Amino acid sequence: MKFKQLGIVKGILSIVAVMGALVCIGYGLHYQFVYKQSPEYSLRILYKSIQDGDTDTFFAMVDGEGILHRVFDPYIEKLLKESDGRNISQTNSKGETKILNLGEALLFTAIDNYYLDVKEVLLNQDLKAHIPHRPDPKDPFKDNLQTLKEVGRYELISIKEKNKNDGVVNIEIRALDTKTNETKVFPVEMTQMDNKMWRVTGYDYKTYSLPYDGFDRI
């Protein structure tokens, strides 16, 4: 009888072990093929890149140039229809000079400053002191990015998908700003890349600003 009971116990333990293994396999598959391909996972990778000062990952996860083109291209097109003149000489931080119309000059400078802003914040470096058209401008885009760099500044409340269609999703991020004790809402648009990760392709720039364009705001 004892041998029989021992056999039953071993059988039960074997079933439990198999079930445990299946659960682990299931969790691993879910993590690899579901969670790692979710917008939330990509956002966490992006946030970690800001905290770690990883500019390569940040630029891979945020389509900064694409976002700026969406903002300035309609204005550029409007100016091109109104006039074919390009009479603004603009030089970026790399020493590249172009003759542009106002809209193109705004975009040219904003893209240049986007890369400088991100590198300054993530790498904690002053890269703009030598740039003549930026003596000491107000830069709310950089200031807002800086808050994301501060360790412990935000406590995540929720990440919600508002809608998702054809590889594009709108996300609403809610987080507690522990410095001001305010709940901040960060709406972002994300687009899925070929590697199944998600890239930020839009955000509420009217609230959180654009990189400095070198001119008075239009």
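The values are calculated or read from the model by the stated rules, or taken from the named source; none is laboratory data. Predicted model, so just to flag it, every value in this text is computed and none were measured. In this analysis, Cβ positions are derived from the backbone assuming ideal geometry, glycine residues included, and neighbour counts consider all displayed protein chains. Side chains are part of the model used for accessible areas, which takes the heavy atoms of the whole protein and leaves out ligands, DNA and RNA. Shrake-Rupley method; radii C 1.70, N 1.55, O 1.52, S 1.80 Å.
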>> Filter 184/206; 142/184; 149/206; 138/164 down to the pairs with a C-alpha to C-alpha distance above 24 Å, please.
In response: 138/164
>> Taking 30 Å as R0, compute the FRET efficiency from the Cβ-Cβ separation of residue 78 and residue 41 and round it to 0.05.
In response: 0.15
>> Less than 19 Å apart at the alpha-carbon level, and either on another chain or at least 8 residues along: which aspartates and glutamates does that give for residue 162?
In response: 40, 172, 189, 204
>> With every protein chain left in place and a probe of 1.4 Å, what is the accessible surface of residue 56, to the nearest 10 Å²?
In response: 120 Å²
> Going by accessible area, probe 1.4 Å, with all protein chains left in place, what is the ranking of 174, 70, 199, largest first?
Replying inline: 70, 174, 199
> Label-point separation (nm) for residue 196 and residue 179, each offset 7 Å from Cα along Cα-to-Cβ?
Replying inline: 3.7 nm
>> 7 Å from Cα along Cα→Cβ at both residue 138 and residue 150: what's the point-to-point distance in nm?
In response: 1.9 nm
